[in-house]
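Working notes, beginning with the structure itself.
Read the figures in this text as sums done on the coordinates, not as results from a lab. Quick caveat, the model's predicted, so the values are computed rather than measured. With ideal geometry, Cβ positions are generated from the backbone for all residues, glycine too; neighbour counts draw on all protein chains shown.
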Amino acid sequence: MTVLRVIAVLLTGFFVGLTLEGIARKIMARVQRRYGPPWYQNFIDVFKALSKRGISHGWIFDFGILMALGGVIATLAFVPLGDLVAFPGLDNIFIIVYLFAVGALGMAMGMVGSGNPNASIGVARALTQMLGYEVPYLVAIAGVLYYYKTSSVSGLMMAQQDTWTLFKMPIGGIVAFISLLGMLGKKPFDTPIAPAEIASGPMVELSAKYMGLLMLMHTFSIFVEISLFVDIFLGISNYLTFLLKFTVVWIIATLISAVLPRFRIEQVVKFYWKVPLSLAFVQVLFVLLGWVF
Amino acid sequence: MSTNERSIWEKIADQLRSKSLWMLHYCTGCGAIELPPSMTSRFDMERFGMGPMATPRQADILFITGYLSAKTLRRVIYTYEQMPEPKYVIGFGSCTLNGGIYYDSYATINRLDYYIPVDLYIAGCMPRPEALLEAFNELMRMIRKGEANGWKRYKENYEWYKQNQLRSLGEVFIHDEFHE
Ligand code: SF4
C-alpha cells in the first residue's frame, strides 16, 4: 500500500506539476496579449531535452544532479496531498524542511561542479535568496506550530476544523505567501536564474538529459513548496479540493509574477528581512498574546 | 543516403524536437532587430513552442542574424560546437548567404556555409518577421521529415569545414580572458 501511495504522489507531482507549468505559460502569454504555447508544451520540452545528446562535466556534476532530483523526490514522498499521505505519521514539517535542503544542496554542488562562473554566481544568489525567505517563513510557521501544538503537516491540516489558518492568522499567511514566491523563484524574486544577466545562472552548463532531469526536479520542488502552503494554511482538503486549491495558489503566484520586474539580490534580502520578517514577528506576538481569530 | 535513415525512436524524438525549439540568437548583424517583434505579442513565436535560450548548451537552433566578421566567426564556431546534438543553424539575411552589401569587405566572411553547416537560409535584407515565421515552419517540417541534418554533415565533413575555417581565420583558437 505504501508503495502504491508513493507512486500516486509522484505521478500527481509529475502530471499536475508539468500541466500547471504549461498553464502558467499560457496565462503569462494571455497577460501579454499573446496566444501562448499549448498546455502540454512542458511535457514536450522535458521529453525533447531527454532525447538530446549532451555532455557531462565530470562525476561531481552527474552526482549533484542525481542528488538534487533524488532529494526532491524523497521530499515529495513525505508531503501530504490532501488526504493522500504516503507515510502517515511521518509527515513532520521538520523532516520535510530538512530533506528539501538535500535537493537544493545537490543542485548547488552539481552546478558549481560544472566550473562555469555564471553557474557559481547563480548558486551563490540562490543560497543568499534562501537565507532571505527561509527566516520569515520559519518564524511564521513557528507561530502556527506553537498555536496548534503539533508539527505534523496533516495534523496541522486537520486542526483547521473551524476556519482556515489563513483567516486565523492572516498576517502569517501573507508572510508565508510572499516567502512562497521567493521559493518558487517567481518574479520579482527570480534573481538566481536571471537569463538576461547571468545566462540562466545555475543551469548555464546543463545540456540535454541533465536539463530534462533538472526541469523535473524544478517541477517536483514547486509541488512540495505549494503543497506545504496549501496544507498548512488553506484548511482541510481531500485529494480533489487539494488540487483545486493548489491550482488557485499557483495561478495567483503566476499572475503576480507576470506583471513585476526583477529585484537585485541585495534588494531581495533587504526586502525579506524588513517587511515579511517584521510582519512575521508581529504575527508571533499575536499568537503569544492569544489574539487569534 | 545513409545519413537519412532514422530508427523509430529517432522519428518520435524528431516529432517532439520540431515542437519545442529553443533558440540561441547570435545577434551581431542588423537583422537582429526583427527578432523582438517575432517573439513578442505581434507574432508570438512561443505558440510554436519556440523560445529564446541564454546558453548554447540548451539551444537547438543557432540563429545567425547577418554579417559575421572574422573575429565573431571564431565565437560562432565555438558556440556551434558547444551545442548538444541534434542542432540546427539558420542563416538570416543576405549577408550569411553571399555577403550581401558587405560582399567586398575585408573584414567579413561571405558564405556562412563554408564554415558551419546551415540548414536553412532566409533571403532578404532584412527579412520581415513573416519570413522568419515561414522559415521556422519550414524548419519544423524539415526536422519532422529528417531532412535537417546539417549536424551530421558537419561530423562527416569535419576536415573540410576545419580547412575552410583555418583558411579564413588562420586559427580558430580565441585569445582573450574568457577563453584561455
Ligand atoms: S542582410 Fe542586410 S539587414 Fe541583414 S545583416 Fe546584412 S546588411 Fe544587415
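Numbers at a glance
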{"quantity": "Value of [θ]222 nm, deg cm²/dmol, for chain A, DSSP H segments ≥ 4, -39500 (n - 2.57) each, nearest 500", "calculated": "-24500 deg cm²/dmol"}
{"quantity": "Per-residue Cβ neighbour rank within 10 angstrom, fewest leading, B:TYR80, A:TYR147", "calculated": "A:TYR147, B:TYR80"}
{"quantity": "For the protein assembly as shown, with +1 on Lys and Arg beta carbons and -1 on Asp and Glu, the positive-most of B:ILE116, B:ILE143, A:LEU127 along the dipole", "calculated": "B:ILE143"}
{"quantity": "Simple spin-label estimate for A:THR128 and B:TRP160 in nanometres, 7 Å along Cα-Cβ", "calculated": "5.1 nm"}
{"quantity": "For B:CYS95, B:CYS27, order by how many other beta-carbon atoms lie within 10 Å, fewest first", "calculated": "B:CYS27, B:CYS95"}
{"quantity": "Translational D in µm²/s for chain B (Stokes-Einstein at 20 °C, 1.002 mPa s, Kirkwood Rh from C-alpha pairs)", "calculated": "128 µm²/s"}
{"quantity": "About the Cα centre, charge dipole magnitude for chain A (Lys/Arg +1, Asp/Glu -1 at Cβ), debye", "calculated": "760 debye"}
{"quantity": "Sequence-distant residues sharing a close amide H with A:ASP190 (under 5 Å, placed H)", "calculated": "A:PHE263"}
{"quantity": "Distance between the stretch A:213-285 and the stretch A:86-148 - C-alpha centres, whole angstrom", "calculated": "13 Å"}
{"quantity": "Fraction of beta bridges assigned by DSSP in chain B that are antiparallel (%, nearest 5)", "calculated": "5 percent"}
{"quantity": "Rounded FRET efficiency, nearest 0.05, which uses the C-beta distance separating A:VAL248 from A:PHE293 and R0 of 30 Å", "calculated": "0.85"}
{"quantity": "Average beta carbon contacts from partner chains per residue of B:10-20, 10 Å cutoff", "calculated": "4"}
{"quantity": "D_trans [Stokes-Einstein, Kirkwood Rh over alpha-carbon pairs] for the protein assembly as shown, 25 °C, 0.890 mPa s, µm² s⁻¹", "calculated": "101 µm²/s"}
{"quantity": "DSSP beta bridge pairing in the protein assembly as shown, given as percent antiparallel to the nearest 5", "calculated": "20 percent"}
{"quantity": "³J(HN,Hα) computed for each position of the stretch A:78-85 - Karplus, 6.51 cos²θ - 1.76 cosθ + 1.60, integer Hz, glycine/proline x", "calculated": "8, 7, x, 9, x, 8, 8, 10"}
{"quantity": "Axial C-alpha extent at least 18 Å, average Kyte-Doolittle at least -1.0 - helices from chain B (DSSP)", "calculated": "B:70-82, B:129-145"}
{"quantity": "Sequence of A:ARG125, B:ARG153, B:ARG6 once ranked by neighbouring C-beta atoms within 10 Å, starting from the fewest", "calculated": "B:ARG6, B:ARG153, A:ARG125"}
{"quantity": "Farthest positive-ward along chain A dipole, Cα basis, beta-carbon charges - from A:GLY115, A:TYR35, A:ILE236", "calculated": "A:TYR35"}
{"quantity": "Cα-projected label distance for A:TRP164 with B:ARG167, points at 7 Å along beta-carbon direction, nm", "calculated": "7.0 nm"}
{"quantity": "Sequence-distant residues sharing a close amide H with A:LEU81 (under 5 Å, placed H)", "calculated": "A:ALA86"}
{"quantity": "Average beta carbon contacts from partner chains per residue of B:38-48, 10 Å cutoff", "calculated": "4"}
{"quantity": "Chain lengthening between A:LYS149 and A:SER56 when straightened (0.36 nm per residue, less Cα-Cα)", "calculated": "28.7 nm"}
{"quantity": "Amide H partners (placed H, <5 Å) of B:GLU85, local residues excluded", "calculated": "A:ARG53"}
{"quantity": "Vicinal HN-Hα couplings computed from phi for the stretch A:143-149 (Karplus, 6.51 cos²θ - 1.76 cosθ + 1.60; Hz; Gly/Pro x)", "calculated": "x, 4, 4, 5, 5, 8, 6"}
{"quantity": "Unit charges on C-beta of K, R, D, E only; dipole of chain B, Debye", "calculated": "300 debye"}
{"quantity": "In degrees, nearest ten, helix A:265-289 long axis to first principal axis of chain A (Cα)", "calculated": "20 degrees"}
{"quantity": "Under the Karplus curve 6.51 cos²θ - 1.76 cosθ + 1.60, θ = phi - 60°, whole-Hz ³J(HN,Hα) for the stretch A:199-213, x wherever Gly or Pro sits", "calculated": "6, 6, x, x, 7, 4, 9, 7, 10, 6, 5, 5, 4, x, 5"}
